[in-house]
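> First, the structure itself, so that you have it in front of you.
None of the figures in this text is laboratory data; all of them are computed from the coordinates on show. The structure presented is a predicted model; accordingly, all values stated were derived computationally and were not measured. Methodologically, a virtual Cβ is constructed for each residue, glycine included, from the backbone with ideal geometry; neighbour enumeration extends over all protein chains shown.
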Amino acid sequence: MFRAAIAEGTELGRRVAPLLASGQFVPDETTIALIRERLAQPDAQNGFVLDGFPRNLAQAEALDATLEEIDRPLSVVLLLELSDEVSRERLQKRAVIEGRTDDKPEAIEERLRNYREQTEPVVEHYRATGKLVQMHGERTIDEVWAEVAAALENVWAGA
């Protein structure tokens, strides 16, 4: 959603572009407001996937509260696990393939540090709910997709 705002040249896009380029997180109040707005749109009424959100406990708690307010319980949280080494390799490759200027080595290291400090506690938050499903993110795209599809089918079968 942020990258779309940047591409569209919106005011939000202009505000968040330098943060993303340096590997920093967008402030919680901006991110949470964007998510709340997005979940209210008609195409999200039958379900949605949030990628890269929530990134910290404040965002997780805001998401939980939002979903409670709109009476849409969380079905599953998928955690794609991979080592820092593989993360670095993939992000550097993405920088080359996609021309991403925000995938500089310094920004990648900042993202990894932020993940350890801010996002890892979110994993424990959702593990406690019993909705966290850990996936092997270092596999091939097809293997990871098969694991994701199986996890989603388990959710749909239990719904």
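> To the nearest 20 debye, what charge dipole does the chain have about its Cα centre, counting +1 at the Cβ of each Lys and Arg and -1 at the Cβ of each Asp and Glu?
With only Lys, Arg, Asp and Glu charged at Cβ, the dipole is about 300 debye.
> For a quick check: sort D84, D103, D51, D64 by the number of other beta carbons within 10 angstrom, fewest at the front. Present the calculation step by step, with values, prior to reporting the outcome.
Details: D84 13, D103 21, D51 7, D64 16.
So the ranking, lowest neighbour count to highest, is D51, D84, D64, D103.
> Name the residue from T129, P105, Q92 whose Cα lies farthest towards the positive end of the charge dipole of segment 72-135, charges +1 on Cβ of Lys and Arg and -1 on Cβ of Asp and Glu.
The residue sitting farthest along the positive end of the dipole is T129.
> Here's a follow-up. Please give the net charge around P27, taking every other residue with its beta carbon less than 15 angstrom from that of P27, where Lys and Arg add +1 and Asp and Glu add -1.
Numbers: positive: R14, R15, R36, R55; negative: E11, D28, E29.
Neighbourhood net charge equals +1.
> Normalised by the residues of the chain, what does the relative contact order come to in percent, with Cα pairs under 8 Å and at least six apart?
27
> Okay, moving on. In percent, how large is the relative contact order of segment 1-45, given Cα pairs closer than 8 Å and 6 or more residues apart? If you can, show how the numbers build up before the last one.
Numbers: 21 pairs, mean separation 8.2, N = 45.
18 percent.
> In a shell of Cβ-Cβ distance under 11 Å around L78, excluding L78 itself, what net charge do Lys and Arg (+1) and Asp and Glu (-1) give?
With Lys, Arg at +1 and Asp, Glu at -1, the net is -2.
> Tally Lys/Arg at +1 and Asp/Glu at -1 over every other residue whose Cβ is under 15 Å from the Cβ of T129; what's the total?
Residues close to T129 contribute a combined charge of -1.
> If amide hydrogens are placed 1.01 Å from N in the peptide plane, which non-local residues have theirs closer than 5 Å to the one on L79?
V133, Q134, M135
> Also, quick follow-up: What 222 nm value per residue comes from the helices of the chain, counting each DSSP H run with n ≥ 4 as -39,500 (n - 2.57) and dividing by all residues, nearest 500 deg cm²/dmol?
Details: 8 runs with 94 residues, N = 159.
Theoretical 222 nm ellipticity from helices: -18000 deg cm²/dmol.
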